[in-house]
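Since the structure comes first, as structure tokens, the remarks are kept for the end.
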Amino acid sequence: MHDQYFGQFLLNKELLNLEQLRDILNRERASRPHLGLLAIDASILNSSQVEQIHRLQQAFDKNFGEIAVDKGFLTLRQLEDLLVVQQGRRLNISQTIIDSGYLTLAELEAAWQEYKNTTSLKKGKTDALYGNLCGIVRAVLDFSSAGSEGDILYEYIALFLRIIPRFLGEEPIIALNHTRASGTLITQTMRGVVNISTGLVMNDDLLLKMARRYSGENLTRVDELALDSIAEFLNSTNGIFTVSMSEGGLELDLEPQCIQTAGVTPVEMAFRVPIETSCGIIDFYICLDETLV
Amino acid sequence: MCWLKQLDVLICDDSMLIRKKLKDLLEKLGCRVWEAQNGEAGLEVYQQVNPQAVFMDIVMPKVGGLDALKKIKIYDPSAKVIMLSSTGTATKLAEAIKNGAVDFIQKPYEDEQIRHALKKISVKG
């Protein structure tokens, strides 16, 4: 997860382009040993516990280690040991960048220093905290026109980016300059003191791939079940967001999702956040106090 | 799982994916499964079938799950309704329990949670 943040930072600073960053993240992901597998190898967790943690990760905005400790499956010491082993086995993003020749050592060192300052990472604390992603999101996106309520939008996008790897198995990158995606618009609104409308657009190929991954079903075409799977993905994301907001005192009620008919596009005032995955672009739309269509 | 055999269970959820996955699981457990896509249809099916258990989503079109729960409990005060929702806030949980839900499971559920909820109902009779 940390690599994703640093990668996004390098993209924002135009030190890497989108293709280079995707290449780096793909290589890093391919080399990354999963914490759950490491714990099974070490006979600290069994497969049933790992599966339970994965399920809970899809219901709560917490990472694998946090849930394992919360459930009493791992002690903090065991988690720290596993993280050390994981870190030792994975390809480091910095190493991958140097190996690829995308940046020199001096360029990388300067970027890393700036990144640490931007995200308030302390010495030795390279495992990014959730707050850091919000910092990166703020550096990339501009919701200032939404006024003080824009903070909610930054929080939402940060949460959305954290959820994509868990639900869809992708390392998302905010790719601001990407052309608009075309396809079916799926929307859902949350109502409360503030109203937040959200929506997703992706082309049929990507929709089918993401629907397969989310549902675990053998989908072969964009039919009602595939569309419903993506709608349910949006619903689960918004469910986690409402729980998170509720814990902070903001109650939001979800409305049913809508699968819009072909050709329907979001309102002009909606913020568009293009999110690049290894399989294509997801256009995410969000706006306050208006429905998306 | 013989204690679940021939149990009539109603799934009330607007998501085709959730209905499909839950139905597959319940049928494997030996239940007879009935489906509804919203709270209004759920009440109608309930009145026809009188199932021993209901899995009820909260966010649905037409009539939502909490309103459907109230209506089902008026029709049948002994109804066993298990709320199944992605929006598991403390407020929603309290409202569901206050209105007579016997359990509240946050999506995505684990199969074991479903089995456990049905077992509780089955034991209570």
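The values are calculated or read from the model by the stated rules, or taken from the named source; none is laboratory data. What you see is a predicted model, and the numbers here were worked out from it, not measured in a lab. Every residue, glycine as well, gets a Cβ built from its backbone with ideal geometry; the counts of neighbours run over all protein chains shown. Just so you know, the surface numbers come from the protein's heavy atoms only, side chains and all, with ligands and any DNA or RNA stripped out. Shrake-Rupley method; radii C 1.70, N 1.55, O 1.52, S 1.80 Å.
Per-structure values
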| read-out | value |
| --- | --- |
| Residues in region B:81-125 that, when all protein chains are in place, have 50 Å² or more less accessible area than the chain alone would give (probe 1.4 Å) | B:S86, B:T89, B:Q106, B:P108, B:E110 |
| Paramagnetic label zone (point 7 Å from Cα along Cα-to-C-beta, A:D289; backbone N under 18 Å) in region A:190-216 | A:190-198 |
| Long-range HN-HN contacts of A:T184 with modeled amide H, under 5 Å | A:M202 |
| For A:51-63, mean number of other protein chain Cβ atoms within 10 Å | 2 |
| Farthest positive-ward along region A:130-203 dipole, Cα basis, beta-carbon charges - from A:T198, A:G183, A:I163 | A:G183 |
| Region B:49-57 - phi-based ³J(HN,Hα) in whole Hz, Karplus 6.51/-1.76/1.60, Gly and Pro as x | 9, 6, x, 7, 8, 10, 9, 10, 6 |
| Residue pairs, from the table A:K13/A:K116; B:K20/B:K73; B:K21/B:K70; B:K70/B:K98; B:K73/B:K98; B:K21/B:K62, whose Cα atoms sit over 20 Å apart | B:K20/B:K73; B:K21/B:K70; B:K21/B:K62 |
| ³J(HN,Hα) computed for each position of region A:182-197 - Karplus, 6.51 cos²θ - 1.76 cosθ + 1.60, integer Hz, glycine/proline x | 10, x, 6, 8, 10, 10, 7, 10, 10, 10, x, 4, 10, 10, 10, 10 |
| Partner chain coverage, peptide A:241-247 - average Cβ within 10 angstrom | 4 |
| Karplus-derived 3J(HN,Hα), 6.51/-1.76/1.60, for each residue of region B:111-119, Hz, glycine and proline x | 3, 4, 5, 5, 4, 5, 4, 5, 5 |
| If the convex hull is drawn through the Cα atoms of region A:200-293, its volume per residue in Å³ | 116 |
| Sequence-distant residues sharing a close amide H with A:T189 (under 5 Å, placed H) | A:T198, A:E255 |
| nm² value of the averaged projected area, convex hull over the Cα atoms of chain A | 15.7 |
| Portion, in percent, of the accessible area of region A:2-135 that falls on carbon or sulfur, probe 1.4 Å | 51 |
| Calculated FRET efficiency for the pair B:V123/A:S31, C-beta based, R₀ 60 Å, to 0.05 | 0.75 |
| Degrees, to the nearest 10: A:105-119 long Cα axis against longest axis of chain A | 60 |
| Counted charge near A:R180, where neighbours are those whose Cβ lies closer than 12 Å (Asp, Glu -1; Lys, Arg +1) | 0 |
| Buried solvent-accessible surface, both chains (A, B), 1.4 Å probe, Å² to nearest 100 | 2000 |
| Electrostatic dipole magnitude of the protein assembly as shown [Cβ: Lys, Arg +1; Asp, Glu -1; Cα centre; debye, to 20] | 1260 |
| Cα long-axis angle, helix A:224-247 against chain A (0 to 90 degrees, to the nearest 10) | 70 |
| Sparse-neighbour loop sites [GluC sites (Glu not before Pro); region A:200-293; at most 11 other C-beta within 10 Å; DSSP] | A:E268 |
| Positive-end residue of B:I121, A:A139, B:L25, charge dipole of the protein assembly as shown with Cβ unit charges | B:I121 |
| Total formal charge among the other residues, if their Cβ is under 13 angstrom from that of B:G42, Lys/Arg +1 and Asp/Glu -1 | -3 |
| The protein assembly as shown, accessible area per residue, ligands and nucleic acids excluded (1.4 Å, Å²) | 45 |
| Region A:137-288: radius of gyration over Cα atoms, expressed as a fraction of 2.2 N^0.38 Å | 0.99 |
